[in-house]
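Here the structure comes first, spelled out in structure tokens, and everything after it is commentary.
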Amino acid sequence: MLKKPISALVYIIVLLFAFSACAKNEIESAINISGLNLSDEVLIYYLDKVSSSPEKYGLNENSVSGNYIDAAEQLCAKYAAVNTEFQKRSLALDTEHKTEISGGVSNEWRIYSSYYNKIGVSKQTLTKIKTSFAKRDVLFNSYYGEGGSSEVPGKVIKDYFYANYVGFFAVNGYMTATDETGKTVSLDDDEKEKLRAKFNSMLSQLNNGQTIDEVGAAYAKEQDSTFNAGAVNLLKKDSSEYPEGFYEKVAALDSGKSAVIEAGDYIFLVVKADMSKDDDTYFNAHRSACLKQLKSAEFDGIISSAAESYKITENTERLNSLIEEYKATQREGS
């Protein structure tokens with residue numbers, strides 16, 4: 001007669017234990033994003049990103065630690081937003097994406113595994129993060145790519161490309177030299193005039209039928225160097241790859257025309273490439289980049305809006321412990 005009450009009591013104890021375990025699991029993460037217990041390792045990964053480059057997030061080294069945590073939590077919310085929207089749209093990563101993720105993670109882990117292990121980020125978590133980056137790209141294309149819900153017409157992308165990129169071949173010269181102390185110094189006026197005369201002479205050679213390869217090779221030989229014009233250089237407007245004003249001067253040239261251009265501490269002999277709109281070779285190589293330049297800000301707004309709608313709940317005790325552990329690893333490295 002006593003077996004049933006004892007069995008019932010044992011059953012109740014088991015249920016209470018299970019309930020207690022579930023309750024413990026619900027609060028064991030440092031933050032919860034709208035019901036999702038986010039991995040502490042993901043939070044630490046993003047906190048490390050904020051701490052490493054605070055200026056990217058509107059912070060500086062004097063910002064209070066709470067601002068760093070807030071910024072990291074927002075990045076976590078965006079991480080959750082990407083994964084959630086990716087799932088809602090029933091999207092999938094193809095074999096190429098998965099191969100790129102695997103290779104990228106392996107390379108990064110080979111270089112930074114000691115540091116990641118020190119701050120408590122596993123290779124598995126790094127893979128989750130990189131997978132989320134890939135999902136973000138696929139999600140972006142599901143909005144704006146071919147067949148996307150907000151597809152950007154090919155003509156719009158192509159017009160943007162031709163309005164914002166120039167192609168050219170160039171021979172470079174320097175209006176500076178290195179003095180005996182190893183310091184870079186400006187050429188004196190006489191030396192600059194000689195350099196200008198040399199480049200204008202090479203321009204005349206181009207205009208008389210020589211190729212940029214021939215002229216560039218001859219100049220390089222004089223400088224004990226080598227030259228190969230190779231593929232067309234493509235430059236985007238507002239790029240910092242070349243001195244200020246260089247893009248505008250090349251853009252002003254007609255296709256196939258040559259000119260000597262001075263910009264910053266450089267002098268260039270330039271031939272503007274003929275990127276005909278009938279030949280999509282250059283455009284196709286940069287189509288994806290152009291689409292992102294056109295729509296990244298809008299897409300970022302969509303993800304940010306979704307992230308801001310999430311409720312972030314902190315497990316204060318766990319969060320503070322996690323932050324102190326992370327700070328300790330940074331003190332060890334200083």
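The values are calculated or read from the model by the stated rules, or taken from the named source; none is laboratory data. Here the structure is a predicted model, which is why all the values come from computation and not from measurement. All Cβ positions, glycine included, derive from the backbone under ideal geometry; neighbour counts span all protein chains shown.
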Practice prompt. Look at LYS198 and say whether it is part of a helix (DSSP H, G or I), surrounded by 13 or more Cβ atoms within 10 Å (Cβ to Cβ) and assigned by TED's automatic domain parsing to the domain that holds GLY104.
Written response: no
Item to complete: Look at ASN172 and say whether it is modelled with pLDDT under 95 and in a loop (DSSP other than H, G, I, E, B).
Response: no
Discussion item. Tally up the residues in region 55-81 that are within 24 Å of PHE299 (Cβ to Cβ), assigned to a helix (DSSP H, G or I) and not hydroxyl-bearing (Ser, Thr, Tyr), please.
Written reply: 13
Practice prompt. May I ask you to list pairs of residues, at least six apart or on different chains, whose Cβ atoms are under 8 Å apart, with the first in region 196-221 being more than 13 Å from VAL171 (Cα to Cα) and in contact (Cβ under 8 Å) with a residue 12 or more places away in the chain and the second being crowded, with 16+ Cβ neighbours inside 10 Å and among the small types (Gly, Ala, Ser)?
Written response: ASN207/SER258
Worksheet entry | All positions within region 250-273 that are without any contact (Cβ under 8 Å) to a residue 40 or more places away in the chain and either surrounded by 18 or more Cβ atoms within 10 Å (Cβ to Cβ) or not assigned by TED's automatic domain parsing to the domain that holds ASN200 (or both) | ILE261
Fill in: Those residues of region 164-190 which are free of Cβ contacts under 8 Å to residues at least 24 places away in the same chain, of a type in the set (Gly, Ala, Ser) and at negative phi, in sequence order
ALA177
Discussion item. I need a count of the residues in region 271-285 that are over 30 Å from the mean Cα position of the chain (by Cα) and part of a strand (DSSP E or B).
Written reply: 1
Discussion item. Being assigned by TED's automatic domain parsing to the domain that holds LYS135, part of a helix (DSSP H, G or I) and either under 16 Å from ALA134 (Cβ atoms) or acidic (Asp, Glu) (or both) is the requirement here; does SER51 meet it?
Written reply: no
Discussion item. Tell me the residue from LYS292, LYS221 that is in a helix (DSSP H, G or I), charged (D, E, K, R) and either loosely packed, with under 12 Cβ neighbours inside 10 Å or touching a Lys or Arg at 6+ places or on another chain (Cβ under 7 Å) (or both), please.
Written reply: LYS221
Worksheet item: (1) assigned to a helix (DSSP H, G or I); (2) surrounded by 13 or more Cβ atoms within 10 Å (Cβ to Cβ): which one isn't true of GLN124, the others all being true?
Response: (2)
Practice prompt. For region 135-169, name all the residues that are of a type in the set (Asp, Glu) and outside any helix (DSSP H, G or I).
Written response: GLU146, GLU151
Worksheet, complete the sentence: Screening VAL10, VAL82, VAL14, VAL64 for residues that are of a type in the set (A, V, I, L, M) and at pLDDT 75 or above leaves only VAL82
Worksheet item: Which of (1) hydrophobic (A, V, I, L, M, F, W, C); (2) assigned to a loop (DSSP other than H, G, I, E, B); (3) free of Cβ contacts under 8 Å to residues at least 40 places away in the same chain; (4) surrounded by 14 or more Cβ atoms within 10 Å (Cβ to Cβ) does ALA231 not meet, given it meets every other one?
Response: (4)
Worksheet item: Does region 72-116 hold any residues that are basic (Lys, Arg) and either crowded, with 16+ Cβ neighbours inside 10 Å or in contact (Cβ under 8 Å) with a residue 40 or more places away in the chain (or both), and which are they?
Response: LYS78, ARG89
Worksheet item: Can THR131 be described as surrounded by fewer than 16 Cβ atoms within 10 Å (Cβ to Cβ), over 26 Å from LYS327 (Cα atoms) and not acidic (Asp, Glu)?
Response: no
Item to complete: Within region 33-66, track down each residue that is of a type in the set (Val, Ile, Thr) and within 15 Å of ALA77 (Cβ to Cβ).
Response: ILE33, VAL42, VAL50
Worksheet item: Restricting region 295-334 to residues that are surrounded by 14 or more Cβ atoms within 10 Å (Cβ to Cβ) and among the basic types (Lys, Arg), which is farthest from PHE140 (Cα to Cα)?
Response: ARG318
Worksheet entry | GLY216 surrounded by 13 or more Cβ atoms within 10 Å (Cβ to Cβ), over 31 Å from the mean Cα position of the chain (by Cα) and within 30 Å of ASP280 (Cα to Cα) | yes
